[in-house]
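Down below is the structure, laid out as structure tokens.
The values are calculated or read from the model by the stated rules, or taken from the named source; none is laboratory data. The structure displayed is predicted, hence computed values, not measured ones. Every residue, glycine as well, gets a Cβ built from its backbone with ideal geometry; the counts of neighbours run over all protein chains shown. The protein model used for the area step is the full one, side chains on, heavy atoms only, and it has no ligands, DNA or RNA in it. Shrake-Rupley method; radii C 1.70, N 1.55, O 1.52, S 1.80 Å.
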Amino acid sequence: MLSRIRSASLYGIEAHPIDVEVDIAGRGLPHFYIVGLPDASVKESRDRVRAALKNTGFNFPLRPVTINLAPADLKKEGSSFDLPIAVGLTAAEGLVEEARLADYLVMGELSLDGKIKPVKGALSVAMLARKTGAALILPVENGPEASVVSGVTVLGASSLPEVIEFLRGTGELREFRADGEPSIAKIGRYDEDFSDVKGQEHAKRALEVAASGGHNALMIGPPGAGKTMLSKRLPGILPPITFEEALETTRVHSVAGLLKDGKALLDTRPFRTPHHTISDVALVGGGQFPHPGEVSLAHNGVLFLDELPEFKRSVLEVLRQPLENGEVTVSRAQASVTFPARFMLVSAMNPCPCGYLGDDRHQCSCTSGAVMRYRARVSGPLLDRIDIHIEVPAVAYKDLSSDHPCEGTAEIRERVMEARRRQLDRFHGENLYANGQMKTRHIKKFCRLNGPAQSLMETAVQKLALSARAYTRVLKLSRTIADMDGQEDIGPQHLSEAIQYRSLDRVL
């Protein structure tokens, strides 16, 4: 007998419809074949399904069995086909009417005792179910995640017998209702607060400018100055994540299997901190079945690269595409997959190999050539995409021991949100959300300088040897600082503050 049941396979962060076709021959020697470009985990479904059926009181057919995963030219991976294969076998044996299967899309991994385990990508599969008009049957642990998508019936199951009884019309499954948007109506909770940071007022101001305009930033300072501490607090002063952003970000984390149990939607902006030994595939994504990398896991959040010059040159260079386009494309022989990767890059480095260049409390032991070689590990094209260079000096004792209360994250975030609102009004219809995204035509339109500001810029270019790329970065920073000041025109005071944030463009 032949049965068909609908399921889905992930490719990138998109779910593609898969028809699981089960054929049980009337006679012949027992065998079990799975065709349709399955990977090793899909082929192993045979043993999991056999044990699950036997241990829950169902018979595994001792006849020739062929499972086809259509379309056959799309590679299949993962363990989510266990449940539809098991249901398809029972339907082919006549225990479930095939007409009942047409209304449902089924996914889930089976344990040997028939329990259903959670799988990756439930949110993307729920979007596919809404598009195709099918109800979704999936593990009960994935129910809250899938219920974020409105307009689709989400049914959670904890065991194979529950699904069989439901499809036979003699049982019920738990239904999950869509209530995703209210779950992020309030600002997500961040554990770190700027009130914990003693001193470093200049660095705090620079990070506020970066957050206000969506600018990438590089912090330069000796070990122990607080660069990592400051970076961890940056997501808290960014505007609260919107429902659309949370949906996008949650999809990426769901496909990567990084959602916490019972977590329906990410309510805070991600903060990713890969180690400097990371490979380029782990950073931007890839593999035989392309999976998202760190740049995509940081989508709508912050990617922090500590000890920037210690990263391999090839790893840093692959950051150019996501920084420029807000997405990364992974190409393979059969297809290309595009992952979203719109993030703020925040990085940190020492001023020299020993870390103490310019520190009045430690003597630097590096030669000028060693300093040049150290800084040259970060290429010019990458620095071209970093707007703000923040000098973070060592913290003085009087600041460390001070009991004076420091400004907290909430106060800073309010100013950042006000500056962002001005930018959204200005960029209405331009497909931009922050000054850091401006291209050349936007800079010409929105960053015009008056007479005094023009003279100051000319002096800065000549005296500080600023390059052409530094010129455009200074203009964008000036626009953001003017927005923070509530001014429509860029004044000399805004321009002078922006110039000081380009320290690496000066002659060493």
*Can you confirm whether region 43-63 contains a residue that is of a type in the set (Val, Ile, Thr) and without any contact (Cβ under 8 Å) to a residue 60 or more places away in the chain?*
no
*asked:* Quick check on my filter: what residues within region 27-44 are out of contact with any Leu (no Cβ under 8 Å at 6 or more places or on another chain), open to solvent by less than 70 Å² (accessible area, probe 1.4 Å) and not in a strand (DSSP E or B)?
replied: GLY28, ASP39, ALA40, SER41
_Just to be sure I understand, how many residues within region 122-137 are open to solvent by 20 Å² or more (accessible area, probe 1.4 Å) and out of contact with any strand residue (DSSP E or B) (no Cβ under 8 Å at 6 or more places or on another chain)?_
3
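In region 426-452, which residues are of a type in the set (Lys, Arg) and without any contact (Cβ under 8 Å) to a residue 12 or more places away in the chain?
Passing the criteria: LYS439, ARG441, LYS444, LYS445.
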*Single unsatisfied condition, THR277 versus (1) buried (at least 20 other Cβ atoms within 10 Å of the Cβ); (2) of a type in the set (Val, Ile, Thr); (3) not in a helix (DSSP H, G or I)*: (1)
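Identify the residue in region 166-186 that is in a loop (DSSP other than H, G, I, E, B), open to solvent by less than 70 Å² (accessible area, probe 1.4 Å) and under 25 Å from PRO270 (Cα atoms) and, among all such residues, is modelled with the highest pLDDT. I'd like the intermediate steps shown before the answer.
Of region 166-186, the ones in a loop (DSSP other than H, G, I, E, B) are 168-173, 177-180, 185-186.
Imposing the further condition that a residue be open to solvent by less than 70 Å² (accessible area, probe 1.4 Å) reduces the set to 169, 171, 173, 178, 180.
When the remaining residues are screened for being under 25 Å from PRO270 (Cα atoms), the result is 178, 180.
Working: ALA178: 67, GLY180: 46.
So the residue we want is ALA178.
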*asked:* For region 69-88, give me each residue that is closer than 22 Å to ILE137 by Cα and surrounded by fewer than 18 Cβ atoms within 10 Å (Cβ to Cβ).
replied: ALA70, PRO71
*asked:* Go through region 299-319 and report how many residues are within 26 Å of GLY236 (Cα to Cα) and surrounded by fewer than 20 Cβ atoms within 10 Å (Cβ to Cβ).
replied: 2
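Condition test on CYS366, is it open to solvent by less than 10 Å² (accessible area, probe 1.4 Å), at pLDDT 90 or above and assigned to a loop (DSSP other than H, G, I, E, B)?
Details: open to solvent by less than 10 Å² (accessible area, probe 1.4 Å): no; at pLDDT 90 or above: yes; assigned to a loop (DSSP other than H, G, I, E, B): yes.
Judged against the criteria, CYS366 is not a match.
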*Any hit, region 99-121, residues being surrounded by fewer than 23 Cβ atoms within 10 Å (Cβ to Cβ), without any contact (Cβ under 8 Å) to a residue 60 or more places away in the chain and part of a helix (DSSP H, G or I)*: yes
*Exactly one condition in (1) closer than 23 Å to GLY28 by Cα; (2) assigned to a loop (DSSP other than H, G, I, E, B) is not met by SER80; state its number.*
(1)
*Return yes or no: is ALA52 outside any strand (DSSP E or B), open to solvent by 30 Å² or more (accessible area, probe 1.4 Å) and either touching a Phe, Trp or Tyr at 6+ places or on another chain (Cβ under 6 Å) or within 30 Å of GLY12 (Cβ to Cβ) (or both)?*
no
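Just one of LEU69, LEU74, LEU10 is modelled with pLDDT of 95 or more and either within 26 Å of VAL328 (Cβ to Cβ) or in contact with a Gly (Cβ under 7 Å, 6 or more places away or on another chain) (or both); which is it? Break it down stepwise before answering.
On the way: LEU74 fails: modelled with pLDDT of 95 or more; LEU10 fails: modelled with pLDDT of 95 or more.
Of the residues listed, the single one that is modelled with pLDDT of 95 or more and either within 26 Å of VAL328 (Cβ to Cβ) or in contact with a Gly (Cβ under 7 Å, 6 or more places away or on another chain) (or both) is LEU69.
Of these, SER296, SER347, which one is open to solvent by less than 10 Å² (accessible area, probe 1.4 Å), assigned to a helix (DSSP H, G or I) and under 22 Å from PRO235 (Cβ atoms)? Show your work before the answer.
Numbers: SER347 fails: assigned to a helix (DSSP H, G or I).
From the options SER296, SER347, the qualifying one is SER296.
Of everything in region 77-95, what is of a type in the set (Asp, Glu), under 17 Å from SER159 (Cβ atoms) and modelled with pLDDT under 95? Give them in sequence order.
So in region 77-95, the residues of a type in the set (Asp, Glu) come out as 77, 82, 93.
After this cut, where a residue has to be under 17 Å from SER159 (Cβ atoms) as well, the list is 82.
The answer is none; no residue qualifies.
Quick check on my filter: what residues within region 141-154 are outside any loop (DSSP other than H, G, I, E, B) and either aromatic (Phe, Trp, Tyr) or free of Cβ contacts under 8 Å to residues at least 40 places away in the same chain (or both)?
First pass over region 141-154, keeping only residues outside any loop (DSSP other than H, G, I, E, B): 141-146, 154.
Result: ASN142, GLY143, ALA146, VAL154.
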*What are the pairs, 6+ residues apart or on separate chains, where a residue within region 1-22 that is touching a residue at least 12 places away in the same chain (Cβ under 8 Å) and assigned to a strand (DSSP E or B) has its Cβ under 8 Å from a residue that is open to solvent by 20 Å² or more (accessible area, probe 1.4 Å) and of a type in the set (Val, Ile, Thr)?*
ARG6/THR132; PRO17/THR132; VAL22/THR66
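Considering only region 405-474, give the helices (runs of 4 or more DSSP H) lying wholly within it that have at least 1 residues that are under 24 Å from ARG342 (Cα atoms) and of a type in the set (Phe, Trp, Tyr).
Numbers: elements: 409-426, 440-446, 451-463.
Because the criterion is at least 1 residues that are under 24 Å from ARG342 (Cα atoms) and of a type in the set (Phe, Trp, Tyr), the helices (runs of 4 or more DSSP H) in region 405-474 that meet it are 440-446.
Would you mind stating whether SER478 is part of a helix (DSSP H, G or I) and without any contact (Cβ under 8 Å) to a residue 40 or more places away in the chain? Talk me through it step by step, then tell me what you get.
Details: part of a helix (DSSP H, G or I): yes; without any contact (Cβ under 8 Å) to a residue 40 or more places away in the chain: yes.
Yes, satisfied.
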*Restricting attention to region 325-344, and to residues there that are in contact (Cβ under 8 Å) with a residue 40 or more places away in the chain and either open to solvent by 30 Å² or more (accessible area, probe 1.4 Å) or of a type in the set (Ser, Thr, Tyr) (or both), which single residue is nearest to ALA210 (Cα to Cα)?*
ARG342
